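Reviewing the structure listed below.
The values are calculated or read from the model by the stated rules, or taken from the named source; none is laboratory data. Just so it is clear, the structure is predicted and the values come from calculations on it, not from any experiment. For neighbour counting, all protein chains shown are included, and Cβ atoms are generated from backbone atoms with ideal geometry for every residue, glycine included.
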Amino acid sequence: MNMCVGISGKVVKASGDTVVIDVSGATRQVSADLLSDLEPGDYVMVHAGVAIAKITDTDAHEASQVLAAEQMQSAAEPELAAVV
Amino acid sequence: MSDAQLSAKQIIQGYDGPRLRIMEVCGTHTHEIFRLGIRSLLPDSIELISGPGCPVCVTPVGFIDEAIMLALEHGVTICTFGDLIRVPGTEMSLAGARSQGAKVRTVYSPLDTLELAEQNPDEHFVFLAVGFETTVPAACLTVKKAKAAGLDNVSILCANKTMPNAYAALKGSADAFLYPGHVNAIAGNATCRDLAEKEGVSGVVCGFTADEILTALAVCIQLLQEGKPFFRNCYPRVVTDEGNKNAQALIAEVMEPCDSEWRGLGMIPGSGLTLNSAYDHFDARKRFQLPKVEGRSNPHCRCGDVLQGKIKPSDCKLFGTACNPQHPVGACMVSGEGACSAYYQYSR
């Protein structure tokens with residue numbers, strides 16, 4: 001596997017400093033050392049066996065929200081700022 | 001196609017302004033943009049160029065030589081991400097060294113090294129720690145857990161790098177950067193925002209799905225037309241402004257900045273990470289007293305120019321002939337994230 005590919009998965013079991021994630025039906029134990037309070041049902045991004053970020057389950061609404069925020073921001077104040 | 005994709009696609013395809021150069025810093029972006037056919041949507045006036053965000057590609061030849069020295073002369077077992085195994089060193093790759101008896105194991109995570117060390121107490125395991133902010137925490141966790149467990153047969157050969165000073169070094173290479181989303185997931189957005197506000201370097205944080213890449217490109221194109229430096233986070237479902245504080249604290253506890261050599265970019269001050277004095281014992285260079293190693297790459301290989309966005313892979317005379325995925329001459333053809341590999345796979 002390529003070292004840079006991030007894998008997103010759903011937490012199905014949390015125990016101490018590890019969690020088991022489900023990735024399209026395949027499960028794998030990964031480190032949860034970098035994230036606090038992970039619970040079954042959470043979604044995480046995993047790199048090199050370590051969960052690095054809690055995320056939403058899909059990108060379904062992200063793109064439209066980013067574009068909408070950008071259009072609003074451009075209209076209101078075209079200055080330096082993040083859209084979120 | 002989603003509404004968002006349609007909207008972003010309209011912005012991209014409808015662009016009719018002056019020539020724009022946008023650098024996808026991350027090798028995964030390069031591959032996904034090819035794989036998803038996004039290049040075919042771009043008008044001629046928008047050029048995507050590949051940057052130095054493939055950690056395997058920017059790791060200097062001398063690092064491979066060091067790893068081979070550890071394996072063949074010191075008898076350690078090398079644990080590595082699979083990407084590194086076929087990267088040419090001065091004389092041979094790790095795959096070549098394995099054929100001469102070197103013990104080289106592919107691991108998914110640096111943490112796998114700990115299990116191997118526990119199961120084989122008479123063997124020493126060295127993890128090859130390459131990668132940017134995204135993978136640095138895994139290497140830090142490995143040595144921290146090794147120390148806590150009293151494991152004496154583990155160390156790392158460190159060539160980890162950080163992106164901020166590389167962005168600054170690349171200033172002027174492109175009109176805007178697509179920043180690697182997972183680097184910012186760890187490091188946060190402050191550096192990229194500062195680059196826009198203080199250095200005039202523009203960019204957007206970009207995710208990895210079709211929607212996310214199209215959105216980031218569309219936002220980039222819109223803002224470039226306004227003519228002011230900008231920063232936007234177009235990957236908010238994963239990247240927060242503050243990043244991962246636990247990861248940042250871990251890195252600060254275990255490592256410290258150092259100057260680092262980047263293939264193609266040369267030595268960039270403060271762009272590397274090395275274990276700090278509290279974790280000296282886990283530094284393979286010190287543990288095995290490695291001499292200074294100066295690697296030599298093939299003089300005809302132009303990976304360095306590719307990594308700076310100066311040329312396209314197809315401009316290198318070795319591309320697709322002497323250098324191909326079966327017989328790679330440069331690292332950019334080996335790695336699954338390398339620009340030459342992407343061009344070979346998708347655009348010949």
Reported set for region A:50-74 where residues are closer than 14 Å to A:S8 by Cβ and either at pLDDT below 90 or not hydrophobic (A, V, I, L, M, F, W, C) (or both) is A:K54, A:T56, A:D57, A:T58, A:D59, A:A60, A:E62
Can you find even one residue in region B:76-99 that is at pLDDT 95 or above and basic (K, R)?
yes
Can you pull out every residue in region B:259-297 that is surrounded by 12 or more Cβ atoms within 10 Å (Cβ to Cβ), within 21 Å of the chain's Cα centre (by Cα) and not in a strand (DSSP E or B)?
B:R263, B:G264, B:L265, B:G295, B:S297
Read through the list (1) touching a Leu at 6+ places or on another chain (Cβ under 6 Å); (2) more than 21 Å from B:P180 (Cβ to Cβ), then give the number of the only condition that B:N160 fails.
(2)
The one condition in (1) more than 10 Å from chain A (Cβ to nearest Cβ); (2) closer than 24 Å to B:C57 by Cβ; (3) out of contact with any Pro (no Cβ under 7 Å at 6 or more places or on another chain); (4) hydroxyl-bearing (S, T, Y) that B:T209 fails to fulfil:
(1)
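Checking the structure you have, find out if any residue of region B:226-233 is part of a loop (DSSP other than H, G, I, E, B), touching a Leu at 6+ places or on another chain (Cβ under 6 Å), over 11 Å from B:L178 (Cβ atoms) and modelled with pLDDT of 95 or more.
yes
Determine whether B:E256 is outside any helix (DSSP H, G or I), surrounded by fewer than 24 Cβ atoms within 10 Å (Cβ to Cβ) and at pLDDT 90 or above.
Details: outside any helix (DSSP H, G or I): yes; surrounded by fewer than 24 Cβ atoms within 10 Å (Cβ to Cβ): yes; at pLDDT 90 or above: yes.
So B:E256 passes the test.
Identify, please: which residue in region B:184-206 is of a type in the set (A, V, I, L, M) and facing another protein chain (nearest Cβ under 10 Å) and is, among those, surrounded by the fewest Cβ atoms within 10 Å (Cβ to Cβ)? Before the answer, list the steps.
So the first thing to find is which residues in region B:184-206 are of a type in the set (A, V, I, L, M), and the list is B:185-187, B:190, B:195-196, B:201, B:204-205.
The next check asks that each one be facing another protein chain (nearest Cβ under 10 Å); those that pass are B:185-186, B:196, B:204-205.
Numbers: B:A185: 25, B:I186: 26, B:A196: 21, B:V204: 29, B:V205: 29.
Checked region B:184-206; the qualifying residue surrounded by the fewest Cβ atoms within 10 Å (Cβ to Cβ) is B:A196.
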Complete set of residues in region B:298-309 that are in contact (Cβ under 8 Å) with a residue 40 or more places away in the chain, within 23 Å of B:V25 (Cα to Cα) and in a loop (DSSP other than H, G, I, E, B):
B:Q308, B:G309
Working only within region B:155-183, note down all residues that are in contact (Cβ under 8 Å) with a residue 40 or more places away in the chain, away from chain A (no Cβ under 12 Å) and hydrophobic (A, V, I, L, M, F, W, C).
B:I156, B:L157, B:C158, B:A159, B:M163, B:A166, B:A169, B:L170, B:A174, B:A176, B:F177, B:L178
How many residues are touching a residue at least 60 places away in the same chain (Cβ under 8 Å) and assigned to a loop (DSSP other than H, G, I, E, B) if we restrict to region B:185-208?
2
If you take the residues of region B:131-169 that are of a type in the set (A, V, I, L, M) and modelled with pLDDT under 95, which of them is farthest from B:V61 (Cα to Cα)?
B:A168
Flag for B:V219 being aliphatic (A, V, I, L, M), more than 8 Å from chain A (Cβ to nearest Cβ) and either crowded, with 22+ Cβ neighbours inside 10 Å or not in a helix (DSSP H, G or I) (or both):
no
